[in-house]
Amino acid sequence: MIHAYSESYLNDAKQNLAVFFDYAIKDCRLNADLFAKLFVQSGYADKFERGNPAIVSGMSGIELAKRVIEYADPHRELPERIFSEERSDVYWAGWALAEYQWETAKRFKDIFSRIAFSEIISMYRVYHEMDIRHFIEDMNKKYNSAEWEPRLKTIRENRGISQAELSRLSGVKLRSIQMYEQKVNDIDKAQAGTVYKLSRVLGCTVEDLLENPES
């Protein structure tokens, strides 16, 4: 497995993501799953998982949380951080998630599409005193067994485009689009030009449409 950033940055990454979620959910009282979604939508999750030094270790978790919140609501008044010697279940979930993402190189948006952040928080009771390997193993089981929608279908529906319209605008046959969305055909094995045409119409990257871009 090729990691996005050096292990020397991992402790900083785990600490920052722990504080990031803890501040937003505990101090700002934001919904755990909605904030996880906002993390992805803001673009900061992508920067974090790619190991951008400014995001992984260049700023504190609180600073990162404030940027993500301000992305959605620039006028929201944000509270001061409430410090505590005890680490919350949310803090642990952020800490453990950072290691899981680094270890597996999975994208945050893919993780959250199969395992809600609130579910990761609920794992605290069982796993917080165990070796992190047990958490990673169970996360992989959950990830691999979860029902999931193909990325093409999810992005297309989020854009409000029908299959027929996507076919017309991209020049890709309607039947091909249907087969990808029904998981009959593997879009990862499609011709590069086909995926590129779809990505241009949908306003996303080719990587966004692939199910296993790291493979």
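Observations
- Selection count, the range 154-176, where residues are over 27 Å from Gly43 (Cα atoms) and among the aliphatic types (A, V, I, L, M): 3
- Of all residues making up the range 102-136, the number that are among the polar types (S, T, N, Q) and open to solvent by less than 10 Å² (accessible area, probe 1.4 Å): 0
- The conditions of being under 19 Å from the mean Cα position of the chain (by Cα), among the hydrophobic types (A, V, I, L, M, F, W, C) and at pLDDT 95 or above are met by Ala24.
- Residue satisfying all of: in the range 47-57; in a helix (DSSP H, G or I) and among the charged types (D, E, K, R); surrounded by the fewest Cβ atoms within 10 Å (Cβ to Cβ) among these: Lys47
- Considering residues of the range 58-94 that are of a type in the set (Gly, Ala, Ser) and either without any contact (Cβ under 8 Å) to a residue 40 or more places away in the chain or open to solvent by 40 Å² or more (accessible area, probe 1.4 Å) (or both) only, the residue farthest from Ile25 (Cα to Cα): Gly58
- Of the helices (runs of 4 or more DSSP H) lying entirely inside the range 106-215, those containing at least 3 residues that are of a type in the set (Lys, Arg) are 132-145, 151-159.
The values are calculated or read from the model by the stated rules, or taken from the named source; none is laboratory data. No experiment lies behind these values; they were computed from the predicted model shown. Because the Cβ atoms are built from the backbone with ideal geometry, glycine has one as well, and the counts that use them run over all protein chains shown. We work out accessible area using only protein heavy atoms, side chains counted, and drop any ligands, DNA or RNA first. Shrake-Rupley method; radii C 1.70, N 1.55, O 1.52, S 1.80 Å.
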